[in-house]
1. So, in region A:217-251, exactly how many residues are within 11 Å of chain B (Cβ to nearest Cβ), closer than 18 Å to A:Ala203 by Cα and of a type in the set (D, E, K, R)?
2. So A:Leu193 passes all but one of these: (1) open to solvent by 10 Å² or more (accessible area, probe 1.4 Å); (2) under 30 Å from A:Gln167 (Cα atoms); (3) more than 13 Å from the chain's Cα centre (by Cα). Which condition number does it fail?
3. If I filter region A:129-136 for residues that are part of a loop (DSSP other than H, G, I, E, B) and open to solvent by 60 Å² or more (accessible area, probe 1.4 Å), do I get at least one hit?
4. Hey, can you tell me all the residues within region B:253-277 that are within 11 Å of chain A (Cβ to nearest Cβ), more than 18 Å from A:Asn214 (Cβ to Cβ) and either open to solvent by 10 Å² or more (accessible area, probe 1.4 Å) or at pLDDT below 80 (or both)?
5. Of the conditions (1) in contact (Cβ under 8 Å) with a residue 60 or more places away in the chain; (2) within 20 Å of B:Ser5 (Cβ to Cβ), B:Arg300 satisfies every one except a single condition; which number is it?
6. Out of the residues in region A:25-65 that are part of a helix (DSSP H, G or I) and open to solvent by 50 Å² or more (accessible area, probe 1.4 Å), which is modelled with the lowest pLDDT?
7. Return the total of residues in region A:196-206 being buried (at least 24 other Cβ atoms within 10 Å of the Cβ) and more than 10 Å from chain B (Cβ to nearest Cβ).
8. Between residues in region A:58-74 that are on the phi > 0 side of the Ramachandran plot and residues that are among the small types (Gly, Ala, Ser), which pairs lie under 7 Å by C-beta distance while being six or more apart or on different chains?
Amino acid sequence: MILKSRFAAPGYVGAVLLAAVVGFALIAPSIVPGDPLSQSLVKSLAGPDAAGPFGYDHLGRSLYHRLAHALRLSPLIAVAAVLTAGAAGLALGAVAAARGGWIDRVLALVADSLLALPGLLMILIVLAIVPGTALGFWAGLSLVLWVEFFRLTRATARSVLASPAVQATRLLGFGPGYVFRHHLWPEIAPVMLTVGAFGMATAIMAIAALGFVNVGMRAPIPELGLMMVELLPYWREAPMALLTPVLAIFTLLLSLILIVGNRS
Amino acid sequence: MPLLSRLFQALMVALIVGIATFAMMRALPGDAAWRIAAGRYGYDNVNAAAADAVREELGLNGSALPALARWMGDLARLDFGVSLVSGSPVMEEIIHQLGASLQLAIAAVLLSIFIGPPIGILAGLRPGGITDRALLTVSTAFKATPQFLMALVLIVILAVELGWLPAAGYGEARHFLLPALALALGLAAVSARVARDATEQVARSSYWHFAEWKGLSRSQVLWRHGLRNVSVPLLTYLGLQFVTLVEGVVVVESIVGWPGIGHALVHAVFSRDVPMVQGTALVLGLGFVLVNTIIDLALRRIDPRGAA
């Protein structure tokens, strides 16, 4: 009991942090109206004022509004990629476990081989193939993230499908849909959540890392990694400006890691 | 049998890399033949005849399948082609860059082994103690810090503010420390947690208690009965961390200007240097399979019970 409460608490902290970040991204622009792209060189690296509560960057763009948009962009791509990857991994994993045989072997081999390639590399290659950066990130991240969902579903589904409960259900004449909803899903759902949160963190880190080395999102799109690399030369004049995206990505990732907690 | 399946995995990696880069080749904006001809003969010497020759040679006109087969054939003969940017053979460039990357990766892993597991073992011996709680906080914070951010913070603190280390560069020993540390801190955060959990588990075991009961000192118990058992999950994890490391290397190398394979890869993709991307991807993928195989074999030596 004591152990349980010790590990549950960080999860709540993480959920609150995540809610705060998402809340800021959604509500911020309606509290203080403004444009993340409009420049005013007079305000270059200026401190906070009423129209820009977080100050301005080197081109005089409001950091408050750039941050709000950046915090919508990468989490949105991450959610989309995790949902796609989760659905694909769940479906393929269930099929692999249910059918077995050569379907199972081929799928497992493809998954293992994808695992051998560095994820960032796959994303980079897909980014080069798929037009449009957001679309490319979604496709690339989905391609990388489905493997984890697949391996998990396959392993869980194997033991669940072999259980007496499922055999009884089948004898009673229920179809695969029923077995999935009542036997497989309740077993998998909590772990899917963990893998999903991990996947979100991976996706957000990847988008920011590639933005930071200038092969991800293109300027002037507000993106956390891109904001950091843009503000880096001015860190001495405006340290708070550089710290804004740094703290944002740290908080975002920390909240996800705390939600996942000790389960790994 | 495990070796055979690893070999099969290596073949699959080559196949996937081949297909992915082939798709990239076809999806390139602009006429691929002209771009490759320009890469081969220089931008001033490109004409329709040269482009047609390239198109003919690489089968860019024909249907996709025979062309793909030819690509795979070249790959099987270890013919990686010529870099579209520098013009030198991809193989030569990769060998050069891989050396630089391996130096950095090995330095990072060694550094992380000195930082992570000792702290983890210390924390695991007293679960819930000060070391344990401090480790939990610090490792969580480090896990939430992307590696490029870690490198950025280290550059600002160690290079710019304190002036102890050069911010970028390659060639001398002092250039190693900053990028290696940026990678090592992330690795150590995870390996410390793994070592902590393993130590806690071993310290609860009956053979641990028996060793204490027969009068061995705490350090003797740890050395004789603890470390071997702790090292099994740790080594498994180090293998997995290699993937994370490679990804970190890609980005960190770009930041500190390290002439490694990660840096080259980012540039190759950026300038659409397909043969370089293909070769680099293949080497990285096969490297992963190789490292995993080595780890598997090492684990079997440390803990022969698992061998089937």
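The values are calculated or read from the model by the stated rules, or taken from the named source; none is laboratory data. Note that the structure is a prediction, hence the values are computed from the model and not measured. Cβ coordinates were reconstructed from backbone atoms using ideal geometry, including for glycine residues, and neighbour counts include every protein chain displayed. SASA here: full protein model, heavy atoms, side chains in, ligands and nucleic acids out. Shrake-Rupley method; radii C 1.70, N 1.55, O 1.52, S 1.80 Å.
1. Number satisfying all stated conditions: 0.
2. The single condition A:Leu193 does not satisfy is (3).
3. yes
4. Across region B:253-277, the qualifying residue is only B:Val274.
5. Of everything listed in (1) in contact (Cβ under 8 Å) with a residue 60 or more places away in the chain; (2) within 20 Å of B:Ser5 (Cβ to Cβ), B:Arg300 misses just condition (1).
6. Out of the qualifying residues, it is A:Lys43.
7. 3
8. A:Gly60/A:Ser40; A:Gly60/A:Ser44
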